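Working notes for the structure below.
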Amino acid sequence: MQEHTPPEETQVLIIGFGPAGATLAALLGRFGIDTLVIDKNHEILPMPRAIALDNEALRVLQMVGLDEQAFARLPISQVNMLSPLLGRFANANTRGSLDGHPKLVTFYQPELEQALRKQVTTYPCVQFHGGWELLNLRQDADGVQALMRDTNGVERLVMAKHLVGADGASSRVRSLIGEDFQGKTYAEDWLIVDAKQRQGAAIDHVEFICDPRRSVPHMPAPGGRERWEFMLKPGETREEMENPAKITALMAPWAAGQKLDIERTAVYRFHARCCRHFSKGRVFLAGDAAHITPPFVGQGLVAGLRDVANLAWKLAWVNKGYAAPKILLSYDQERRPHAWKMIQLARFMGHLIMTRNSLSALIIHGLMKLIRGIAPLRRHLEELKIKPTNRFAQGLFVCRSRSDQCDHGAQLTQNWVRWQKQIQLSDDVLGSRLLMLGFGCNPQTLLSPAIHQRWAAAGGEYLQIGMQGESAVAEDLSNQLSAPFTQARVLVVRPDKVIMADAAPEDATLMLEQCLALLV
Ligand SMILES: Cc1cc2nc3c(=O)[nH]c(=O)nc-3n(C[C@H](O)[C@H](O)[C@H](O)COP(=O)(O)OP(=O)(O)OC[C@H]3O[C@@H](n4cnc5c(N)ncnc54)[C@H](O)[C@@H]3O)c2cc1C
């Protein structure tokens, strides 16, 4: 097949059109950045992979423009840990929503990837070329030169201002910039089985059957699907486990004598690994290219989505000339520590729940059951307080001080607002903009023409948010956005909804000066 020839030049070149690369492409498309995406394959990978997303991931997908109609989601209200001897010894309450989205949903990864690819096609500034594989790259002060080859052996050089390796766990970009994964490879292999239509018997929650003889996480997914993950015992091989007769035997407890509609199966060895740096010069790593985690807390793709939400606007701001290239250094600074914390949490959960030793299992699960009797500890576990918050210790925000009323480096909460007579989620009103928000004041009127001009040159805009009842401005319908403030306040919020600074209205100029010093 003759492959279409990619252009010779682009602002951003993305290697890999998996979910991380496609999300980044769609975000860059929103910002109007000239983007080329290549993938060695034309089609999406058909393997059984991600199944769960949290509210933060759904918020990133909201930024991309994917709503509930774009791909099916099944809200999950409960995650139960079960022991064959002790029954339910722990659980997480995932009912309800946070920042406008369910705390936990399951989904079908190929459907999400199709939706992302469809969204990418709506931006004329983004081009996708399938059947092209990255071979090599070289960077200098002007840009990155990438050598690629199509399926017929035709080679092409492409010049880009920036290159992002979203090329998965075996990333070539990672090795070409001299990076390597640090961390552990698990000795455990797992068989993943996705099946459909269990005749109304599918469960409505997630359960981890923590049997030291063979642990089995089990969960439902949209479209009448369910997933089982079977830990391999020592001596069991991939070939043996992927044999249909073996799968039928493993699934027997759930099949109730019926023949199950097995959709996909695969054996994986999980890894808990992360790069030492997520970028080198003009080259960036995102998604599985930068970090890989066992799926016990469902955070692999979620971390990739956090990466690209963080990186996209920074690439856009630099390529539009709004900000200096130095802001790109904050990508590694902000994303790597959190990605590593999530990997550690997944490892911890794996050890805690999936232990193979019967005595250790009894002790660990017994202790966890006892902890349920201590209300504060139970709440800590049940309400997912052990999940690391997405709040940066260092990065592209004004240093925290005692007078702040907001958490700089954390995400602004999301809530319902009325804007231009429509009730909408606040992120949709804020849009992909760098904003100075005024709570109880009109931010623009606080500034001199000179600082206003400098703010506009950095791509800065304004939005006034009013309390419930103030319908002339964006009306905070539940007063949740304004909740931290007792008096009028101004804030700077980045396009990825991270709070950069806050101040009293009389200090608005100083606050913008500080933000401009970080950006320009
Ligand atoms: C069993 C299992 C369960 C999981 N469960 C969850 C979960 O519940 N929640 C969650 O968040 N995550 C989960 N994950 C992780 C999640 O699936 C991955 O993190 C995610 O799919 C990675 O996306 P990516 O875009 O970074 O990489 P990939 O999807 O691997 O995409 C990389 C792309 O790059 C292309 N490519 C590679 N090399 C080149 C090259 N040299 N040139 C051109 N193209 C190239 C490939 O063809 C591919 O299309 C799970 C994973 C597994 C295996």
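Results for (1) within 14 Å of the ligand (Cβ to nearest atom); (2) under 20 Å from the mean Cα position of the chain (by Cα); (3) among the acidic types (Asp, Glu); (4) in the same structural domain as residue 149 (by TED's automatic domain parsing), shown as yes or no for each residue.
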position	(1), (2), (3), (4)
36	yes, no, no, yes
55	yes, yes, no, yes
82	no, no, no, no
87	no, no, no, no
94	yes, yes, no, no
112	yes, yes, no, yes
Subset of segment 191-202 (residues that are open to solvent by less than 80 Å² (accessible area, probe 1.4 Å) and either touching a Lys or Arg at 6+ places or on another chain (Cβ under 8 Å) or more than 10 Å from the ligand (Cβ to nearest atom) (or both))
192, 193, 194, 195, 196, 198, 201, 202
Whether any residue in segment 248-259 is at pLDDT 95 or above, part of a loop (DSSP other than H, G, I, E, B), open to solvent by 10 Å² or more (accessible area, probe 1.4 Å) and small (Gly, Ala, Ser) is what I want to check.
no
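Select from segment 161-184 the residues that are more than 14 Å from the ligand (Cβ to nearest atom) and at negative phi and write down the one among them that is farthest from the chain's Cα centre (by Cα).
Taking the candidates together, the pick is 161.
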Which numbered condition in (1) under 25 Å from the mean Cα position of the chain (by Cα); (2) within 14 Å of the ligand (Cβ to nearest atom); (3) modelled with pLDDT of 95 or more is the only one that residue 158 fails?
(1)
State the number of residues belonging to segment 292-323 that are over 22 Å from residue 517 (Cα atoms), free of Cβ contacts under 8 Å to residues at least 60 places away in the same chain and either away from the ligand (no atom under 14 Å from the Cβ) or not aliphatic (A, V, I, L, M) (or both).
1
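Quick one: in segment 28-72, of everything that is under 21 Å from residue 173 (Cα atoms) and part of a strand (DSSP E or B), which residue is most open to solvent (accessible area, probe 1.4 Å)?
Checking each candidate, the answer is 39.
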Qualifying residue in segment 11-24 (condition: within 7 Å of the ligand (Cβ to nearest atom), open to solvent by 30 Å² or more (accessible area, probe 1.4 Å) and under 18 Å from the mean Cα position of the chain (by Cα)):
no
Meets criteria (among the hydroxyl-bearing types (Ser, Thr, Tyr) and open to solvent by 10 Å² or more (accessible area, probe 1.4 Å)) for residue 448:
yes
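The values are calculated or read from the model by the stated rules, or taken from the named source; none is laboratory data. Since we're looking at a predicted model, the values are computed, not measured. Positions of Cβ are generated from backbone atoms using ideal geometry, with glycine treated the same way; all protein chains shown enter the neighbour counts. The accessibility values were calculated without ligands, DNA or RNA, using every heavy atom of the protein model including side chains. Shrake-Rupley method; radii C 1.70, N 1.55, O 1.52, S 1.80 Å.
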